[in-house]
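Undergrad: Structure incoming, see below.
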Amino acid sequence: MQILGPDTLVFGVDDVAACQQCLKDYGLIEVEASATHGVYAALDGTSVVVRHDSDPLLPAAVGRSPNIREVIYGVRDAETLAQIRAELSKDREVRVDADGVLHSVDGAGVPIGFQVNVRRPYDAPPVQVNVPGRTAQRPANHVAANPEAPLPVPHTLSHVVLFVPDVAAAEQFYVERLGFRVSDRFTGTGPFLRPAGTNDHHTLFLIQAPAAMIGLNHFTFHMGSVDELLRAGRAFADKGYKTFWGPGRHIYGSNWFWYFNSPLGGTLEYDADMDQHDDHWQPRECTAAEETSQMFLFNLRDPWFPRPGNH
């Protein structure tokens, strides 16, 4: 099944205004906004929707508010949508709304949806890095560091990470029913999964957790480069958002990361430069630990400059 990855993440929250401000500060484009809901998009049209947790338009809650209420996946075409509808209708309710979006639940009971993808082309300038021994990518007198440049906008929705009460059952659903593949696995924690329509290392990571914790762990959008990640993260931190983890670089997926606390019920991440895998890739497995989760980790510090007597 040609599932590309998450198109839209839908949240039920108790403080709509704080979540709206957070998503704008993160760098997403405000598409819709009212006192009760908001829609915030990346350059390619993938998005986050926030609604008050009492909104009747939301699917039933699976955990404590604020929390994710639905993951809507983008698929290649109408044929894929029909395949998914036929498959899921075998043993669970599938509802089709007025916009043609399929709605159901996954193997952990988390609401999921599917739609013909909304992703649109956009301009992504090349990342020009000068490497000794190779022809310079940036021409003479062209500077890379410009403090006056506009802050970068996230490019596309990357992945979502969910706490689930039965990770084996949830994995089985995505692999056997929807054609996801396991890229890597943390023993006793859960699998990194990618659907057939993308080579991204993962668009979904499942974590075994008590039933009371079911719902969001974190979500992230791809930035265009490490430079964009660091500039966006620094600006986000300057607005008062607290770093949860990072910046650093993961081992599984190789993506650079920077996580922040958020009012959406979990953490919010920036990522960049994720590995690409095809069906020849052999999954790795290890126990999740500090030394297996990150190549290196920087600690955010206040700006510093050497002065006489300051050693």
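Every number in this text was worked out from the coordinates using simple rules, so none of it is lab data. Keep in mind it's a predicted model, so treat the numbers as computed, not measured. All Cβ positions, even for glycine, are placed from backbone atoms using ideal geometry, and neighbour counts span all protein chains on display.
Undergrad: Which value, in debye to the nearest 20, describes the size of the charge dipole of segment 92-147 about its Cα centre when Lys and Arg Cβ atoms bear +1, Asp and Glu Cβ atoms bear -1, and nothing else is charged? Kindly include the intermediate steps, with their values, before the conclusion.
TA: Values: 6 positive and 5 negative charges, 74 e Å.
It comes to approximately 360 debye.
Undergrad: Let's see if you can work this out: charge +1 on each Lys and Arg Cβ, -1 on each Asp and Glu Cβ, no other charges. What is the dipole magnitude of the chain about its Cα centre, in debye to the nearest 20?
TA: Numbers: 25 positive and 38 negative charges, 117 e Å.
In debye, rounded to 20, the chain gives about 560.
Undergrad: Now for a separate question. Output the 0 to 90 degree angle, nearest 10, between the alpha-carbon long axis of helix 16-26 and the longest principal axis computed from the alpha carbons of the chain.
TA: Result, in degrees: 50.
Undergrad: Can you find, among Pro210, His103, Tyr26, the residue sitting farthest towards the positive end of the charge dipole of the chain, where Lys and Arg contribute +1 and Asp and Glu -1 at Cβ?
TA: Most positive-ward Cα: Tyr26.
Undergrad: Now for a separate question. Using alpha carbons only, how many degrees (0 to 90, rounded to 10) separate the axis of helix 78-88 from the longest principal axis of the chain?
TA: Between helix and principal axis, roughly 60 degrees.
Undergrad: If you don't mind, another one. For segment 163-311, build the charge dipole from Cβ charges (+1 Lys, Arg; -1 Asp, Glu) around the Cα centre, then report which of Pro283, Leu193, Ser293 sits farthest towards its positive end.
TA: In segment 163-311, that residue is Ser293.
Undergrad: Okay, next question. Tell me the Rg and the Dmax, in Å, that the Cα atoms of the chain produce.
TA: 20.0, 73
Undergrad: Evaluate the relative contact order of the chain (contact order divided by residue number), counting alpha-carbon pairs under 8 angstrom at least 6 apart; express in whole percent. Provide the component values of the computation, followed by the final result.
TA: On the way: 688 pairs, mean separation 57.2, N = 311.
So the answer I get is 18 percent.
Undergrad: A follow-up question, please. Express the Stokes-Einstein translational diffusion coefficient of segment 46-90 in µm² s⁻¹, to the nearest whole number, given a Kirkwood radius over alpha-carbon pairs, 20 °C and a viscosity of 1.002 mPa s. Write out the running numbers ahead of the final one.
TA: Working: Rh = 12.9 Å.
Here the translational diffusion coefficient equals 167 µm²/s.
Undergrad: Please list, ordered by chain and number, the residues whose modelled amide H lies under 5 Å from the amide H of Ser262; skip anything fewer than 5 residues away on the same chain.
TA: Residues meeting the amide H criterion: Leu268.
Undergrad: Quick check for you: which residues of segment 38-53 have the amide N under 18 Å from the point 7 Å beyond the Cα of Val116 toward its beta carbon?
TA: Once the point is set 7 Å along Cα→Cβ of Val116, 45-46 turn out to lie under 18 Å by backbone N, inside segment 38-53.
Undergrad: Taking Rh as the Kirkwood radius computed over C-alpha pairs, what is the Stokes-Einstein D of segment 27-109 at 37 °C in a medium of viscosity 0.692 mPa s, expressed in µm² per second? Numbers along the way, then the final one.
TA: Numbers: Rh = 14.7 Å.
The Stokes-Einstein estimate is 223 µm²/s.
Undergrad: What distance in nm lies between label points placed 7 Å from Cα along the C-beta direction at Asn261 and Ala78?
TA: 4.9 nm
Undergrad: Ok, one more. Output the relative contact order of segment 128-236, whole-number percent, from Cα pairs under 8 angstrom with separation of 6+ residues. Can you show the working numbers first?
TA: Numbers: 159 pairs, mean separation 35.8, N = 109.
About 33 percent, as a whole number.
Undergrad: Separate question: Where the centroid of each part is defined by its Cα atoms, how far is segment 130-166 from segment 182-205 in Å?
TA: Cα centroid of segment 130-166 versus Cα centroid of segment 182-205: 23 Å apart.
Undergrad: Of His159, Ser254, Tyr40, which is farthest towards the positive pole of the chain's charge dipole, taken about the Cα centre with +1 and -1 on the beta-carbons of Lys, Arg and Asp, Glu respectively?
TA: Ser254
Undergrad: Average projected area of the Cα convex hull of segment 217-291, in nm²?
TA: Values: hull surface 23.6 nm².
Projected area, direction-averaged: 5.9 nm².
Undergrad: Run the Debye formula on the Cα coordinates of segment 100-238, all scatterers equal and no solvent, and tell me log10 I(q)/I(0) at q = 0.15 1/Å.
TA: -0.90
Undergrad: If the reach is capped at under 17 angstrom between alpha carbons, list the aspartates and glutamates near Lys90, excluding any in the same chain fewer than eight residues apart.
TA: Answer for Lys90, where 17 Å is the Cα cut-off: Asp106, Glu176, listed by chain and number.
Undergrad: Moving on to the next point. Placing +1 at every Lys and Arg Cβ and -1 at every Asp and Glu Cβ, with all other atoms neutral, what dipole size does segment 1-113 have around its Cα centre, in debye to the nearest 20? Please report the intermediate quantities before stating the final value.
TA: Details: 9 positive and 18 negative charges, 45 e Å.
Roughly 220 debye, rounded to the nearest 20.
Undergrad: Can you list the HN-Hα couplings for segment 187-200, worked out from phi with the Karplus curve (6.51, -1.76, 1.60; θ = phi - 60°), rounded to whole Hz and with x for Gly and Pro?
TA: Karplus-based 3J(HN,Hα) across segment 187-200 equals 4, x, 10, x, x, 8, 10, 10, x, 5, x, 9, 9, 3 Hz.
Undergrad: Can you give the angle from 0 to 90° between the axis of helix 226-238 and the longest principal axis of the chain, with both taken from C-alpha atoms, to the nearest 10?
TA: 90 degrees
Undergrad: Starting from one equal scatterer on each C-alpha and no solvent at all, send me the Debye-based log10 I(q)/I(0) for segment 155-222 at q = 0.22 Å⁻¹, two decimals.
TA: -0.92
Undergrad: If you don't mind, another one. Would you please put 181-192, 221-232 in order of how densely packed they are, using the mean number of other Cβ atoms within 10 angstrom per residue and starting with the highest? Could you put the intermediate results ahead of the total?
TA: On the way: 181-192: 19.0, 221-232: 21.5.
Result, highest mean first: 221-232, 181-192.
Undergrad: Let me ask another. Relative contact order for segment 75-160 using alpha-carbon pairs under 8 Å, separation at least 6, rounded to a whole percent? Let's see the in-between values first.
TA: Working: 56 pairs, mean separation 15.8, N = 86.
Result for segment 75-160 is 18 percent.
Undergrad: May I pose another question? Short version: ³J(HN,Hα) in whole Hz for each residue of segment 202-210, in order, from phi by Karplus 6.51 cos²θ - 1.76 cosθ + 1.60 (θ = phi - 60°), x for Gly and Pro, what are they?
TA: So the Karplus estimates, Gly and Pro as x, are 7, 10, 8, 10, 10, 10, 5, 7, x Hz.
Undergrad: What value, in deg cm²/dmol to 500, does the helix sum -39500 (n - 2.57) over DSSP H runs of n ≥ 4 give at 222 nm once divided by the residues of the chain?
TA: Values: 5 runs with 45 residues, N = 311.
It lands at -4000 deg cm²/dmol.
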